[in-house]
Each structure stands twice: as C-alpha cells, then as structure tokens.
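S.K.: Structure provided below as structure tokens; questions to follow.
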Amino acid sequence: MAGGARLQAGEGSEVRFTAEHEMFRQSVRRFVEQEINPHADEWEEAGIFPAHELFRKLGDLGFLGLTYPEEYGGLALDFWYTVVFCEELGRADCSGVPMGITVHTDMCTPALAEHGSDELKKQFLEPAIRGEMVGCIGVSEPDAGSDVASIRTRAVADGDDWVINGRKLYITNGTQADWVCLLARTSEGRGYKGMSLIVVPTNTPGFSVSRKLRKLGNHSSDTAELVLDNVRVPQANTIGPEGMGFILQMQQFQRERLVGAITSYAGMEKTVRDTIEYCRQRRAFGQPLIDNQVIHFRLAELLTEIEALRALCYMAVEQMVAGEDITRLASMAKLKAGRLARQVADECLQFYGGMGYMEETRISRAYRDSRLLSIGGGADEIMLGIIAKTEGMLPGKREQ
Ligand SMILES: Cc1cc2nc3c(=O)[nH]c(=O)nc-3n(C[C@H](O)[C@H](O)[C@H](O)COP(=O)(O)OP(=O)(O)OC[C@H]3O[C@@H](n4cnc5c(N)ncnc54)[C@H](O)[C@@H]3O)c2cc1C
C-alpha cells in the first residue's frame with residue numbers, strides 16, 4: 001500500500017488511526033489536491049501564498065483547531081488527527097505552504113491555547129482557529145538563533161503595558177501575520193528566567209516589516225524581518241506567568257519539531273515513489289533505469305529509512321498523547337528528519353539525471369526545500385546537544 005496509514009486501532013493497543021481518522025485523511029488529501037497543488041507553481045513564483053484566503057478555507061473545515069478546545073472553536077480531537085493532517089500536507093507539491101500552515105496551527109498557537117488567559121484566547125486563538133487571523137512565531141533575532149537565551153528584544157513595563165523594542169529575523173508568515181507570539185526579555189539579570197511570551201498584534205503602532213527575505217527554497221512561504229520600535233501592548237497579552245516565556249517556548253518547540261518531522265516524511269515518501277515511477281519509464285542501455293540493482297536497492301533503502309522515521313515519530317506521538325515528556329524523541333525525530341530529507345532529495349534527484357536539475361521537475365524544488373529542516377526550528381547540532389543532555393553526556397554532567 002503506497003502512502004497513507006498502515007496502522008489501525010488494535011485490540012488492547014493504543015488508538016492510532018481509526019476509520020474516522022481515515023475519513024479525515026481523505027478530506028485533507030482532497031483539500032491539498034484542490035486548494036494547494038493547483039496553485040503551488042504560481043505561489044512559488046510569487047514568493048508568497050495568500051494566507052488569509054487559504055486559512056479561511058482551512059478554518060471553515062475546522063482544520064486549524066484540531067486539538068484545541070471547543071470553547072474556542074477547536075475540535076478537541078486527539079493528536080493523531082494532527083498526525084494525519086501533517087502527513088497529508090506533507091504530500092503537497094511544495095513545502096512552503098505546509099510550513100506556513102503548521103507554523104499557524106502548531107508552532108505559534110500551542111502555548112497560547114494551553115497557558116493563555118481566557119480573554120487572550122478569545123481575542124487571538126478563536127480568530128486564528130476560524131482562519132480570520134494569521135499567526136507567526138517570533139523567537140529568532142539577528143544576533144540570536146540557536147542560542148535562544150541570548151535574545152535582546154526587550155519589553156519594559158510601563159503602567160499596565162509593555163513597551164517593546166527589538167528585531168526578529170526569519171519569521172515565517174511574517175509579512176502577512178495579524179499577530180506574533182513574541183519571545184522578549186521582560187526583566188534584567190535573570191537569564192532565561194527573565195523572558196516572557198507576549199502576543200503582539202501587528203497593527204500596533206511601532207511594529208513594521210522591514211524586509212521580506214529571499215530564500216534558497218520554500219519560496220511559497222513568506223519570511224520576514226520584523227522591527228518593534230516602542231510597540232505598546234497590554235501586559236495582559238502575556239501568555240502564562242511573566243518570566244515563564246523561555247520554558248513555555250521550549251515546550252512549544254517540542255511540538256514544532258515533531259510536527260516538522262511528521263510533515264517531512266510524508267513528502268519524502270512521495271518523492272521516492274515519484275522517483276520509482278520515473279525510473280520505470282526512463283530507459284538507458286536497453287532497460288528501464290529501475291532495473292539497475294544500484295538504483296532499486298537505494299530506493300528500497302530510502303523507503304526503509306523513511307518508515308523508521310515514521311515509527312520514531314509515532315513513538316513520540318504516543319508519549320505525547322500519554323502526557324509524557326517528548327523532548328528526547330522529538331529531538332531525535334527532528335534530527336533524523338533533517339538529515340534524511342536532504343539525503344532523499346539528493347539521491348532521488350541523481351536518478352532523474354538532467355531532468356532532475358530542471359525547474360519544471362518537482363524533485364528540484366524538493367531538493368531546495370529539503371535543506372531547511374536541518375536548520376529551522378533548531379539546527380541538527382542543537383538537537384544533538386539536547387539528545388546528549390537527556391543522556392547525561394554533556395560536559396559537567398558526567399558521572400564522576
Ligand atoms: C526559512 C526559515 C524560516 C524560519 N522561520 C522562523 C520563524 O518562523 N520563527 C523564528 O523564530 N525563527 C525562524 N527561523 C529561524 C531558525 O529557527 C534559525 O535559523 C535556527 O534556529 C538557527 O539559528 P541561526 O540561523 O541564528 O544560526 P546560528 O545560531 O548562527 O548557528 C549557525 C550554525 O552553527 C551551528 N551551531 C550553532 N550552535 C551550535 C552548537 N552549540 N554546537 C555546534 N554547532 C552549533 C549550527 O550548524 C547552526 O546551523 C527560520 C529560519 C529559516 C531559514
């Protein structure tokens with residue numbers, strides 16, 4: 001069976017994919033085929049997709065609030081629906097649009113949904129779930145990417161408000177977003193304990209998009225540099241307690257990394273299966289390319305690696321559903337996904353030959369897009385550091 005789910009709810013085992021999950025899969029697949037793929041080339045060319053237009057359609061179908069409480073317009077479904085959603089988005093003809101959507105659903109909203117006040121959720125989560133507002137996540141800065149604890153954006157208390165100054169770099173959905181889930185320093189000298197997550201509406205005076213960035217890949221997703229110049233927002237826009245921002249963002253990152261890994265393996269599988277089809281059609285030296293053992297062995301191995309990544313992600317999801325800490329498995333999944341995505345795109349492109357180097361062939365786009373996963377959302381080396389930490393291997397943590 002090519003693509004789709006293989007696992008069903010079994011007796012005595014945890015629920016993975018039931019018949020309802022599969023029906024849901026079909027509707028997401030239809031959405032991707034009807035609302036994204038026909039426009040993928042145009043949006044890649046334009047360097048942006050119309051987030052408000054697309055999110056309204058996704059919102060109407062309930063896709064933007066799968067796991068969020070019904071009270072705020074969500075569907076309160078189990079996380080396996082998010083897995084299905086990401087697997088189907090990952091099969092889209094470009095990675096930029098799935099990235100823009102998952103930033104909204106699983107990277108800038110989880111902390112708000114879990115720790116935001118009722119008023120804040122009404123103001124920002126509800127319209128985000130309906131697809132009326134587009135969200136983005138503002139963590140990285142010109143001088144702080146991997147080292148999140150060294151961010152400089154500062155929010156200073158003034159009466160009941162925060163007055164915020166700083167810059168955020170590489171922000172996905174940044175030119176279109178209606179609000180930013182912003183990580184800022186809110187008190188001096190307390191290291192990572194002096195940070196808070198604050199919802200900043202982008203129509204606040206002093207907020208601006210200084211530039212839209214040109215990228216190697218993921219062209220259909222807009223990426224921006226944001227400037228905050230004496231931006232005044234109520235302190236009530238703080239998500240959770242003041243000073244908890246770093247911790248909440250680290251938790252939010254776990255979901256981001258897992259969702260990134262899930263979205264990627266579905267795309268990788270599609271890439272390999274498209275390559276198998278191409279190698280069946282293309283002939284050289286009197287036989288189809290696929291008849292070369294070096295080629296079908298390699299493609300078989302890549303499929304095996306993809307299945308191993310899928311299994312790792314499912315283990316992490318089981319942990320998440322059980323309410324356990326997913327840091328170790330989510331970091332491993334993100335690391336493996338970043339490396340495998342590059343390998344799959346590179347090796348499959350090779351088997352396309354000159355055709356693989358052409359813009360008109362989808363593999364060339366997959367090749368460009370695949371490079372991001374080892375960098376965005378925490379670079380491979382950061383994942384290795386986290387894994388090493390959970391294993392007690394970091395210097396200073398060794399047993400004497
Ligand atoms: C297309 C795109 C979209 C993005 N979207 C967002 C977004 O929506 N919101 C957001 O906040 N950020 C976003 N980012 C930023 C992204 O999360 C950062 O680029 C990433 O965390 C790496 O930070 P950096 O670029 O500053 O690299 P740096 O921190 O400068 O690191 C550079 C490289 O050094 C190496 N390195 C770093 N630290 C270590 C170490 N301790 N040990 C060994 N090697 C190390 C790694 O190889 C790393 O790639 C996006 C980035 C891109 C490219």
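Only the coordinates and a few stated rules stand behind these numbers; no lab work does. What you see is a predicted model; the values in this text were computed from it and never measured. Counting neighbours? That spans all protein chains shown, and the Cβs are built from the backbone with ideal geometry, glycine included.
S.K.: From the residues Val200, Ala308, Thr263, which one has its Cα farthest along the dipole of the chain in the positive direction, the dipole being from +1 and -1 charges on Cβ of Lys/Arg and Asp/Glu about the Cα centre?
M.R.: So the residue furthest toward the plus end is Ala308.
S.K.: Need one number: % antiparallel among DSSP beta bridges in the chain, to the nearest 5. Mind showing how you got there, number by number?
M.R.: On the way: 31 of 36 bridges.
Close to 85 percent.
S.K.: Mind listing which GluC sites (Glu not before Pro) in the stretch 304-385 are in a DSSP loop and have 10 or fewer other Cβ atoms within 10 Å?
M.R.: Qualifying residues, ordered by number: Glu359, Glu360.
S.K.: Kindly point out, ordered by number, any Cys in the chain whose beta-carbon has no other cysteine beta-carbon under 4.7 Å away.
M.R.: Cys86, Cys94, Cys136, Cys279, Cys313, Cys348
S.K.: Any chance you could check the Cα centroid distance between the stretch 73-152 and the stretch 233-272 for me, in angstrom?
M.R.: With the stretch 73-152 and the stretch 233-272 each reduced to a Cα centre, they are spaced 7 Å.
S.K.: Can you work out the Karplus-derived ³J(HN,Hα) for every residue in the stretch 139-154? Use 6.51 cos²θ - 1.76 cosθ + 1.60 with θ = phi - 60°, whole Hz, and x for glycine or proline.
M.R.: For the stretch 139-154, the Karplus curve yields 10, 5, 9, x, 10, 8, x, 4, 8, 4, 5, 9, 4, 10, 4, 10 Hz.
S.K.: Calculate one ³J(HN,Hα) per residue across the stretch 346-351 by plugging θ = phi - 60° into the Karplus curve 6.51 cos²θ - 1.76 cosθ + 1.60, and present them in order as whole Hz with x for glycine and proline.
M.R.: In residue order, the calculated couplings are 5, 6, 5, 4, 4, 6 Hz.
S.K.: Past the 42 angstrom mark, what percentage of all C-alpha to C-alpha distances in the chain do you count?
M.R.: Percentage above 42 Å: 12.
S.K.: Kirkwood Rh, the stretch 8-139, all Cα pairs: how many Å?
M.R.: Answer for the stretch 8-139: a Kirkwood hydrodynamic radius of 15.4 Å.
S.K.: Which GluC sites (Glu not before Pro) from the stretch 38-144 combine a DSSP loop assignment with at most 15 other Cβ atoms within 10 Å?
M.R.: Qualifying residues, ordered by number: Glu132.
S.K.: Angle between the Cα long axis of helix 380-390 and the longest principal axis of the chain, 0 to 90 degrees, nearest 10?
M.R.: The two axes meet at around 70 degrees.
S.K.: For Cα pairs less than 8 Å apart in space and 6+ apart in sequence, what is the mean separation divided by the residue count of the stretch 198-308, i.e. the relative contact order in percent?
M.R.: Relative CO of the stretch 198-308 lands at 18 percent.
S.K.: With each pseudo-label sitting 7 Å past Cα toward Cβ, what's the Lys212-Ala157 distance in nm, one decimal?
M.R.: 4.0 nm
S.K.: Sticking with this one: If you average the alpha carbon positions of the stretch 187-205 and of the stretch 351-400, how far apart do those two centres end up, in angstrom?
M.R.: With the stretch 187-205 and the stretch 351-400 each reduced to a Cα centre, they are spaced 29 Å.
S.K.: Next up: Which of Ala76, Ala92, Ala316 moves most in a GNM of the chain, Cα contacts under 10 Å?
M.R.: In this elastic network of the chain, the residue with the biggest mean-square fluctuation among Ala76, Ala92, Ala316 is Ala76.
S.K.: Between Gly135 and residues 5 or more places away or on another chain, which pairs have amide H atoms under 5 Å apart, with H built 1.01 Å from N, and which residues are they?
M.R.: Asp178
S.K.: Over 29 Å between Cα atoms: which of Lys57/Lys121; Lys122/Lys193; Lys168/Lys193; Lys270/Lys336; Lys122/Lys270 fall into that group?
M.R.: Lys122/Lys270
S.K.: Also, quick follow-up: To the nearest µm²/s, what D does Stokes-Einstein give for the stretch 183-268 at 37 °C and 0.692 mPa s, using the Kirkwood radius over alpha carbon pairs as Rh?
M.R.: The estimated diffusion coefficient comes to 213 µm²/s.
S.K.: Step through the residues of the stretch 61-76 one at a time and calculate ³J(HN,Hα) from phi using the Karplus curve (6.51 cos²θ - 1.76 cosθ + 1.60, θ = phi - 60°), rounding each to whole Hz and writing x for Gly and Pro.
M.R.: Once rounded to whole Hz, the list reads 8, x, 6, 8, x, 3, 9, 7, x, 4, 3, 10, x, x, 9, 6.
S.K.: Tell me the relative contact order for the chain as a rounded percent, counting alpha carbon contacts under 8 Å between residues six or more apart.
M.R.: Values: 717 pairs, mean separation 59.8, N = 400.
Reported as a whole number, the value is 15 percent.
S.K.: Could you give the size of the charge dipole of the chain about its Cα centre, using +1 on the Cβ of each K and R and -1 on the Cβ of each D and E, expressed in debye and rounded to the nearest 20?
M.R.: Charge dipole of the chain: 1000 debye, to the nearest 20.
S.K.: To continue, here is another question. What is the sum of charges, Lys and Arg at +1 and Asp and Glu at -1, for the other residues whose Cβ falls under 15 Å from the Cβ of Ile290? Please list the in-between numbers first.
M.R.: Details: positive: Arg273, Arg280, Arg282, Arg283, Arg298; negative: Asp274, Glu277, Asp291, Glu301, Glu347.
Residues near Ile290 contribute 0 overall.
S.K.: Nearest 10 degrees, 0 to 90: what angle lies between the long axis of helix 19-31 and the longest principal axis of the chain (Cα atoms)?
M.R.: Orientation of helix 19-31: about 90 degrees from the principal axis.
S.K.: Kirkwood Rh, the stretch 264-400, all Cα pairs: how many Å?
M.R.: 16.6 Å
S.K.: Right, here's the next one. What is the set of long-range amide H partners of Arg16 at a cut-off below 5 Å, with H atoms built 1.01 Å from backbone N?
M.R.: Residues meeting the amide H criterion: Ala9, Gly10.
S.K.: Now for a separate question. Please give the contour-minus-distance gain from Thr18 to Arg30: 0.36 nm per residue of separation, less the Cα-Cα distance, rounded to one decimal in nm.
M.R.: Details: separation 12, 0.36 × 12 = 4.32 nm, distance 1.87 nm.
Separation in residues times 0.36 nm, less the Cα-Cα distance, equals 2.4 nm.
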